Amino acid sequence: MKIDAIRRARQVLDIEACAVQALKPRIGREFTRALELILKAKGRTVVSGMGKTGIIAEKLSATLASTGTPSLFLHLAEASHGDLGKVTAEDVVVILSNSGATAEVKQLLPFLKKIGARIIALTGNTASPLAKYSDVVLDVSVKKEACPLGLAPTASTTAALAMADALAVCLLEIKGFKEKDFALFHPGGALGRRLLLTVEDIMRTGRTNPIVRETARVADVLLKITQARAGAASIVDGRGRLVGIFTDGDLRRHLEADTALPQRLIRDVMTRNPLVVKKDALAAEALHLLEQRKIDEVPVVDERRRPIGLLDVQDLLRAGVM
């Protein structure tokens, strides 16, 4: 290699770290005004940019949308070819442009003003046309790019990304956005499954939920468990109320001491007053209980303590809760 790649890579990180650190003294009144504009807007936060900075703009829009601030991305070039119709007077438009003086920016600004949307600029040039047209200007200028030619956006896009993240994080905290809200917008992700799935969504019912009377023989209970391909059976009294559970673990423990176990009544060997959960409990909470008690199955009961389902740790694994 003609260069010391390790040394050069570390220099790039130093340059970009310095670019981000330089933003801290600039966080002040303009930053809070930007937050106020977005929070008070009756419409959406439209984020616009193009090129490398446009990619940062897309990321900001996606972050806002997933954390409780309705947002859409508007490509600067496409805005002049019909997409400007996405913007209304009730929207706030956040424009990311390092120079703030590209043809696309200058062409768009008068029309945004005519529509009546408020404008927030994230720019490296606070004397640019973009800065002059904007209601709020956030200075994301950098001393130099990490690119040795000073041409490829590197430190400048890192600075813009960091300022954009600062806006998004402050907004979600001001709005009181919580994990459950995040999960609502991410139902396909692991967090969504953990926070939104209830016991009812994944519990075993019908033939896969073996229920037997306490007067049944152990042999009959084992047959039901086998037919259901389950790891336990719920034991009920004459009124159908749960009084116990019999698991694979119970079977192994009792077989060691009692060779006549299959002929015994299940009420004599079952585990009485087992742990139970309700169908509307979060699956993640049920998993926590199973882990705490070091058990693999738990009956699901209704308000009369009648078993309506069986939750197995394997069900939680398949649902992606763990």
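Laboratory data are not the source of any read-out in this text; all were calculated from the coordinates shown. All figures in this text were calculated on a predicted structure; none of them were measured in a lab. Heads up, the Cβs are rebuilt from the backbone with ideal geometry, glycines too, and the neighbour counts pull from every protein chain shown.
Cα-Cα over 22 Å: which of K114/K175; K52/K178; K175/K279; K178/K294; K59/K178?
Result: K114/K175; K52/K178; K175/K279; K178/K294 exceed 22 Å.
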Point to revise | Share antiparallel - DSSP beta bridges, the chain, percent rounded to 5 | key: 40
Practice item. Work out how much length S141 to K114 would gain on full extension: take 0.36 nm times their residue separation and subtract the Cα-Cα distance, in nm to one decimal. Key: 6.9 nm
Review point. What size of dipole, in debye to the nearest 20, comes out for the chain about its Cα centre when the only charges are +1 on Lys and Arg C-beta atoms and -1 on Asp and Glu C-beta atoms?
Key: 220
Check your understanding: Once both axes come from the Cα atoms, what is the angle between helix 5-21 and the longest principal axis of the chain, in degrees from 0 to 90, rounded to 10?
Key -> 80
Exercise for review: For R252 and A101, calculate 0.36 nm times their separation in residues minus their Cα-Cα distance, and state this gained length in nm to one decimal.
Suggested key: 46.6 nm
Study note, to complete from the structure: The Rg/Rh figure for segment 5-177, Cα atoms and Kirkwood Rh, to two decimals is 0.97
Review point. In degrees between 0 and 90, to the nearest 10, how far off the longest principal axis of the chain does helix 51-66 point, with axes built from Cα atoms?
Key: 40
Point to revise | Residue (of A230, G240, G309) at the positive-pole extreme of segment 199-318, dipole from beta-carbon charges | key: G240
**Study point:** Magnitude of the charge dipole, segment 5-177, Cβ model with Lys/Arg +1 and Asp/Glu -1, debye to 20
**Key:** 280
Check your understanding: Is any residue of segment 209-230 close enough, with backbone N under 14 Å, to a label point placed 7 angstrom from the Cα of R267 along the Cα-Cβ axis, and if so, which?
Key -> 212-218
Revision key, fill the gap. Projected onto the charge dipole of the chain (unit charges on the beta-carbon of Lys, Arg, Asp and Glu, signs +1, +1, -1, -1), the Cα from A79, G51, A283 with the largest positive-side position is that of A79
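With +1 on the Cβ of every Lys and Arg and -1 on the Cβ of every Asp and Glu, and nothing else charged, how large is the dipole of segment 199-318 about its Cα centre, in debye rounded to the nearest 20?
380
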Check your understanding: How do T88, T247, T45 line up, fewest other C-beta atoms within 10 Å first?
Key -> T88, T247, T45
Study note, to complete from the structure: In degrees rounded to 10, the 0-90 angle between helix 29-40 Cα long axis and the longest Cα principal axis of the chain is 60
Revision key, fill the gap. Cα-based Debye curve of segment 199-318 sampled at q = 0.11, 0.21 Å⁻¹ gives log₁₀ I(q)/I(0) of -0.33, -1.17
Practice item. For the chain, state the semi-axes of the equivalent ellipsoid (square roots of 5 times the eigenvalues of the alpha-carbon gyration tensor), sorted largest first and rounded to whole angstrom. Key: 63, 23, 15
Point to revise | Protection proxy ranking of 219-227, 145-153 - average other beta-carbon atoms within 10 Å, highest first | key: 219-227, 145-153
Study note, to complete from the structure: Expressed in angstrom and ordered largest first, the alpha-carbon extents of segment 1-58 along the principal axes are 56, 27, 11
